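Quick notes on the structure that follows.
The values are calculated or read from the model by the stated rules, or taken from the named source; none is laboratory data. Everything numeric here is computed off the predicted structure, so don't read it as measured data. Please note: Cβ atoms are built from the backbone with ideal geometry, for glycine as well, and neighbour counts cover all protein chains shown. Remember, those area values only see protein heavy atoms, side chains included, never the ligands or the DNA or RNA. Shrake-Rupley method; radii C 1.70, N 1.55, O 1.52, S 1.80 Å.
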Amino acid sequence: MAREPARTPSDPRTATEWAENLCTSSTSLRRAFRAETGMAFSEWRTRLRLNHSLSLLEQGQLVSTVAARMGFVSTNGYILAFRRHFGQTPGAYVRSSLDRSA
């Protein structure tokens, strides 16, 4: 189950919508997903998006562009999630990435 959403991290479908596509209940899908990944679908998808966004930031894309491409509702939501996950803002990550490559 986790492989399919991993192919397109910005896919906006919820666990319920994935369950409908797979002809199963959302409860069954959520249980199977947690058993497979060790986390809730929404948490896993957020982490996937954040990890994928690192390469876009390193390519020089604007934070707002990266947020939109990764399926975040707002740039601010992306920045907050990024800080929670990585302990720094996307801007700080880009600056430290540039310092490491210099």
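Some values worked out for this structure:
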{"quantity": "Under 13 Å, Cβ to Cβ, from Phe41 - net charge with Lys/Arg +1 and Asp/Glu -1", "calculated": "+2"}
{"quantity": "Residue-normalised accessible area of the chain, given per residue in Å² at a 1.4 Å probe", "calculated": "61"}
{"quantity": "Percentage relative contact order, the chain, counting C-alpha pairs under 8 Å, at least six apart", "calculated": "22"}
{"quantity": "With Cα atoms, 0 to 90° folded angle of helix 90-101 axis to the chain main axis", "calculated": "60"}
{"quantity": "Glu43/Cys23 FRET efficiency (R0 25 Å; Cβ-Cβ; nearest 0.05)", "calculated": "0.55"}
{"quantity": "Between helix 26-37 and the chain: long-axis angle, C-alpha atoms, 0 to 90°, nearest 10", "calculated": "50"}
{"quantity": "Residue among Cys23, Ser64, Phe82 farthest towards the positive dipole end of the chain, charges placed on Cβ", "calculated": "Phe82"}
{"quantity": "Gap separating the Cα centres of region 20-46 and region 72-92, nearest whole Å", "calculated": "24"}
{"quantity": "Nearest-20 debye value, the chain charge dipole, Cβ charges on Lys, Arg, Asp, Glu", "calculated": "200"}
{"quantity": "Integer Hz, Karplus 6.51/-1.76/1.60 couplings in order for region 54-68, x for Gly and Pro", "calculated": "4, 5, 5, 5, 5, 7, x, 6, 5, 4, 5, 5, 4, 4, 5"}
{"quantity": "Along principal axes, Cα extents of region 36-100, largest first, whole Å", "calculated": "37, 23, 18"}
{"quantity": "Angle between the chain longest axis and helix 75-86 axis [Cα atoms, degrees, rounded to 10]", "calculated": "90"}
{"quantity": "Accessible surface of the chain [probe 1.4 Å, protein heavy atoms]: carbon and sulfur percent", "calculated": "51"}
